[in-house]
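First up is the structure itself, then whatever we jot down about it.
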Amino acid sequence: MPLQTVSQRDSTVVAVVVTYNRRELLKQCLAALASQTQPLSAIVVVDNASTDGTAGLLADHPVHPEALYLSENVGGAGGFAAGMAYALTHHDPDWIWVMDDDTIPRADALEALLSAASDSALPLSVLSSRAVWTDGRDHPMNRPRTRMRARTREAANASRLGGRPIRTASYVSALLRASDVRLQGLPMADYFIWSDDFEHTGRLLRNGFGLHVPASVVEHRTKAFGNAQESPGNRFYFDVRNRLWVLFRSRSFRVWERVIYGSKTCLGWIQQLLKHPGLLRPGAKGLWHAIIAAPRGSDAVFAADPSVAHLINDLEVLPRPWQKSPF
């Protein structure tokens, strides 16, 4: 029998969407959320100081999303930290469903996630959807990592549910158990972009169970098909800094996992630098900043929005050993 005591029909789910200057895509995302066969308890949209009329859309939209307007763009990481904190504080849901504004869930996407959670013989902390591009191909940007050395019962449970056990998941449609987020903490807001979901879901799944649910499908409407790291430009700074923060300042992964993920990461960086030597400067800057500084706390990240920092600080009751320098 499943260990969950709350059925999928009784579960309360709050969707958290982070947006920045993508008004038209946000409109499509909200329409898709409103059309879910499993109704949502609330939709929270975090507006990262957009300048394209997003505020007007949110104010007049028939879905009536709850909007959290930030004074400065704090990136996806800051937006998700703020949105999850708002959802936990104002709604106390069973689940938080997170996604970017360019994520368009199919009508039964949430129902498939909740059905898997309800039918699972293990208590799931994170469930991920299958993300496809506009032409139906699996999007390489959002493939969750399969758990290495998954225990027999975890692998058997995932197989029975038609999925696979995962170790991390993308924020492009991830269903997070709210009680686990309270226990393990919010995403690290200072990551800004990239690897915030890798670190956070890795933290939730270090001792928890995760499941990839292919029956839950969302369309990730990026401009191009491919991995974000293929042509990062100056954003390579965040890739290097944040990956090193994850590997050396986070409790998300065990030592043997850090060795494996770190080796693969270094190999990928070498290949990128050989193809694009111009990445050396932002990469070196990211390396230096990862060495000399830890992720800043919420008071610094949300200096322009102290009420949001207070909201986050009230939930961040755990010590932060990942902020101590390992160098």
From the set of residues in the range 156-180 that are part of a strand (DSSP E or B) and farther than 14 Å from Thr146 by Cα, which is nearest to the chain's Cα centre (by Cα)? Ala174
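Has the range 265-275 got at least one residue that is charged (D, E, K, R) and modelled with pLDDT of 95 or more? Can you show your working first?
Start the filter on the range 265-275 by keeping residues that are charged (D, E, K, R), which leaves 275.
Narrowing the set further to residues that are modelled with pLDDT of 95 or more leaves none.
The answer is no, given that none of the residues of the range 265-275 is charged (D, E, K, R) and modelled with pLDDT of 95 or more.
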Which one of these does Arg241 not meet: (1) farther than 26 Å from Cys29 by Cα; (2) out of contact with any His (no Cβ under 6 Å at 6 or more places or on another chain)? (2)
Log entry, pairs with first residue in the range 249-261 being of a type outside the set (Ser, Thr, Tyr), second being part of a loop (DSSP other than H, G, I, E, B), beta carbons closer than 6 Å, six or more apart or on different chains, reads Arg249/Ala294
Looking at the range 9-37, which of its residues are free of Cβ contacts under 8 Å to residues at least 60 places away in the same chain, under 26 Å from Ser71 (Cα atoms) and outside any helix (DSSP H, G or I)? Asn21
Within the range 222-258, restricting to residues that are surrounded by fewer than 19 Cβ atoms within 10 Å (Cβ to Cβ) and among the basic types (Lys, Arg), the one that is modelled with the lowest pLDDT is Lys223
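Yes/no per residue for (1) β-branched (Val, Ile, Thr); (2) over 26 Å from Gly208 (Cβ atoms):
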{"residue": "Val259", "(1), (2)": "yes, no"}
{"residue": "Gly268", "(1), (2)": "no, yes"}
{"residue": "His289", "(1), (2)": "no, yes"}
{"residue": "Pro295", "(1), (2)": "no, no"}
{"residue": "Asp305", "(1), (2)": "no, yes"}
Suppose we keep only residues that are assigned to a loop (DSSP other than H, G, I, E, B) and charged (D, E, K, R) within the range 93-135. Which one would you say is nearest to Val14 (Cα to Cα)? Asp94
When every residue in the range 66-92 that is not charged (D, E, K, R) and not in a helix (DSSP H, G or I) is compared, the one farthest from the chain's Cα centre (by Cα) is Ser71
Is it the case that Trp256 is in a loop (DSSP other than H, G, I, E, B) and either touching a helix residue (DSSP H, G or I) at 6+ places or on another chain (Cβ under 6 Å) or more than 28 Å from Ser115 (Cα to Cα) (or both)? no
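The values are calculated or read from the model by the stated rules, or taken from the named source; none is laboratory data. Small disclaimer: the values here were computed from a predicted structure and weren't measured. Cβ: placed from backbone, ideal geometry, glycine included. Neighbour counts: every protein chain shown.
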